[in-house]
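Each remark here refers to the structure printed beneath this line.
The values are calculated or read from the model by the stated rules, or taken from the named source; none is laboratory data. What you see is a predicted model; the values in this text were computed from it and never measured. Here Cβ is always computed from backbone atoms with ideal geometry, including for glycine, and neighbour counts include all displayed protein chains.
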Amino acid sequence: MTPSSGKLTITPASGPLNGHVAPPGSKSITNRALLLAGLSAGTSRLTGALKSDDTRYMAEALRAMGVAIDEPDDTTFVVSGSGRLSAPAAPLFLGNAGTATRFLTAAAALVDGTVVVDGDEHMRKRPIRPLVEALVRMGVTAEAPTGCPPVTVKGTGRFGETRVEIDGGLSSQYVSALLMAAAGNDRAIEIALTGADIGARGYIDLTTAAMEAFGAKVEQASPTSWRVAPTGYRAADYHIEPDASAATYLWGAEVLTGGAIDIGTPAAAFSQPDARAYDFISKLPHLPAVIDGSQMQDAIPTIAVLAAFNETPVRFVGIANLRVKECDRIRAVSTGLNAIRPGLAVEEGDDLIVHADPALAGQRLPAEIDTFADHRIAMSFALAGLKIDGITILDPACVGKTYPGYWRALASLGVGLTGDIPKG
């Protein structure tokens with residue numbers, strides 16, 4: 001079991017959870033917008049933004065690279081830049097923020113100087129070799145001896161090659177990182193996939209939409225390739241939609257308890273891929289026998305915990321990428337479910353099978369849930385605590401990575417919490 005910081009026990013809901021909760025801004029979009037604003041000449045105003053560990057790491061890294069960032073309120077960044085990033089005086093420490101790490105690794109090629117991108121012990125286990133190898137093929141001096149951070153990039157302000165192929169099967173973030181950096185080159189760049197598979201393709205659409213909002217021109221040359229013009233970026237005012245991954249926990253709480261939770265945004269209005277999870281969550285306790293999670297990866301822990309209360313077993317497929325997230329999420333979810341009741345979950349290769357049992361609801365089954373310092377594991381298993389007595393979340397403060405106010409949000413709906421309640 002991983003070291004934990006505190007414990008938080010959930011009191012089962014005594015009735016439907018009703019109320020209004022506004023999810024925080026999208027982490028994925030906030031970190032894209034921060035980088036693009038940092039690469040822009042002029043002053044950009046980002047509203048509806050997420051303020052959390054992951055976005056704080058991105059903002060601090062940009063400040064270290066010469067970008068001025070003010071924070072006039074809890075959901076706004078005002079970003080002023082020259083259009084170029086400067087070499088930082090020290091390595092960039094990005095915690096376990098995968099988006100910030102991947103995006104800044106590619107952007108470092110546009111710096112005239114050396115940039116070291118590093119993270120915490122968890123980030124140092126997350127693969128980045130495909131992105132580093134792509135940068136090398138583009139004429140950039142870059143190395144990551146372990147295949148994971150730290151990464152050293154010796155930038156020259158430009159890319160030497162104008163076409164690169166990359167395997168996006170492990171993470172779409174590699175492709176997004178190259179796309180965003182490519183607009184800062186002095187010549188157009190074509191980025192092509194080595195195959196048709198790509199993790200969460202919808203996030204590429206998020207990337208290109210954000211790029212275009214800041215003045216870039218991106219052409220989808222084929223289903224597996226993009227051409228990015230050498231436009232650079234211009235400052236813009238940009239509003240960030242709520243986080244769809246965060247919304248999945250509130251949708252889950254609503255369905256589990258038969259309540260009505262207004263999150264202020266209809267599921268159909270989200271542009272983020274994880275919003276697809278609503279179509280499954282709303283079907284509980286009649287989830288399908290097989291769920292393909294390839295295009296809504298961050299929502300799978302939520303649906304998998306909910307599946308424990310389904311009428312029939314559920315097999316999750318297309319989720320191999322979950323093994324290289326903040327932790328091995330397939331293992332973390334199966335470990336947590338089996339802590340509640342042995343045999344509740346089984347791993348078959350990279351598939352996860354949840355042996356559903358609606359009779360779990362109302363039982364007392366004391367279990368300490370190891371979150372492996374992963375925010376999504378903590379937030380997902382809190383849902384189990386709404387129906388099962390005795391669920392205790394270890395290291396509850398880890399939700400600060402993307403949703404610092406999560407526990408406060410549950411409490412506002414009437415959920416009882418006992419133990420070390422983090423400030424958020």
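Name the helices (runs of 4 or more DSSP H) wholly within region 4-113 that hold at least 2 residues that are farther than 27 Å from E143 by Cα? Give the steps one after another, and end with the answer.
Working: elements: 27-38, 53-64, 98-107.
Fully inside region 4-113 and qualifying: 27-38.
Screening G424 on (1) among the small types (G, A, S); (2) out of contact with any Lys or Arg (no Cβ under 9 Å at 6 or more places or on another chain); (3) not in a helix (DSSP H, G or I) shows it passes everything except condition (2). Of everything in region 223-262 that is among the polar types (S, T, N, Q) and touching a strand residue (DSSP E or B) at 6+ places or on another chain (Cβ under 8 Å), the residue that is surrounded by the most Cβ atoms within 10 Å (Cβ to Cβ) is T224.
Among the residues making up region 123-132, those that are in contact with a strand residue (DSSP E or B) (Cβ under 8 Å, 6 or more places away or on another chain) and in a helix (DSSP H, G or I) are R124, P130, L131, V132. When you look at F103, is it surrounded by 23 or more Cβ atoms within 10 Å (Cβ to Cβ), in contact with a strand residue (DSSP E or B) (Cβ under 9 Å, 6 or more places away or on another chain), of a type outside the set (S, T, N, Q) and at pLDDT 95 or above, yes or no? No, not satisfied.
Of all residue pairs spaced 6 or more apart or on separate chains, those with beta-carbon atoms under 9 Å, a first member in region 257-285 that is without any contact (Cβ under 8 Å) to a residue 24 or more places away in the chain and acidic (D, E) and a second member that is surrounded by fewer than 21 Cβ atoms within 10 Å (Cβ to Cβ) and part of a helix (DSSP H, G or I) are D279/A267.
Residues being touching a helix residue (DSSP H, G or I) at 6+ places or on another chain (Cβ under 9 Å) and at pLDDT 95 or above: count how many of those fall in region 286-295. Total meeting the criteria: 4. Residues in region 295-329 that are part of a loop (DSSP other than H, G, I, E, B), among the small types (G, A, S) and surrounded by 21 or more Cβ atoms within 10 Å (Cβ to Cβ): A308 alone.
Which one is surrounded by the most Cβ atoms within 10 Å (Cβ to Cβ) among residues in region 133-145 that are among the charged types (D, E, K, R) and in a helix (DSSP H, G or I)? Full working, then the answer.
Of all residues in region 133-145, those among the charged types (D, E, K, R) come to 133, 137, 143.
If we keep only those that are in a helix (DSSP H, G or I) too, we end up with 133, 137.
Details: E133: 17, R137: 15.
Result: E133.
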